[in-house]
Amino acid sequence: MAKLRMIAPTLRTMDTRTVRPPAKTADAFYLSTEWRALMSSLIATRGRICEDPHCNGRTHKPGMRVFGDHIVELQDGGAPLDPKNVLLRCGASHTKKTAAARAKRMKQTF
């Protein structure tokens, strides 16, 4: 009976301790002076609180980072610089809402 020879693996493994995913980059719109001015005015009038109803408007930490989140997303035809279309959200609320909107959009395409 003949001996079976092992074929050398063709896929290399990566050390996940040293390999990092590419850094996120912001859309150019969110770096514009118009968007930054709108965010500054919203924070000045509304304060640095999360306006998500599920967050109960609590202030997480003094000076926490808030995200300007479009109620009707730009991809869905929302007004980009309308203050009525922007809510200030904490990071967790912003991530949840964006993921839900993306899932809904993906569901509609299939």
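This table checks each residue for (1) closer than 18 Å to residue 26 by Cα; (2) touching a Cys at 6+ places or on another chain (Cβ under 7 Å); (3) in contact (Cβ under 8 Å) with a residue 60 or more places away in the chain.
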site	(1), (2), (3)
44	no, no, no
54	no, no, no
63	no, no, no
82	no, no, no
90	yes, yes, no
94	yes, no, no
98	yes, no, no
104	no, no, no
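Kindly provide the set of residues from the range 40-85 that are in a helix (DSSP H, G or I), at pLDDT 90 or above and closer than 30 Å to residue 107 by Cα, ordered by number.
So the first thing to find is which residues in the range 40-85 are in a helix (DSSP H, G or I), and the list is 40-46, 53-55, 74-76, 83-85.
Add one more test, that the residue is at pLDDT 90 or above, and what stays is 40-46, 83-85.
Answer for the range 40-85, where residues must be in a helix (DSSP H, G or I), at pLDDT 90 or above and closer than 30 Å to residue 107 by Cα: 83, 84, 85.
Within the range 26-38, does at least one residue satisfy the condition of being over 18 Å from the mean Cα position of the chain (by Cα), among the basic types (Lys, Arg), part of a helix (DSSP H, G or I) and within 20 Å of residue 80 (Cβ to Cβ)? The answer is no; no qualifying residue exists. On the stretch given as the range 71-80, residues that are of a type in the set (Asp, Glu) and under 18 Å from residue 31 (Cα atoms) total 1. Among the numbered conditions (1) touching a residue at least 24 places away in the same chain (Cβ under 8 Å); (2) exposed (fewer than 12 other Cβ atoms within 10 Å of the Cβ); (3) β-branched (Val, Ile, Thr), the only one that residue 49 does not meet is (2).
The values are calculated or read from the model by the stated rules, or taken from the named source; none is laboratory data. This one's a predicted model, so the numbers in the text were calculated from it and none came from an experiment. Virtual Cβ from ideal backbone geometry, glycine too; neighbours counted across all protein chains shown.
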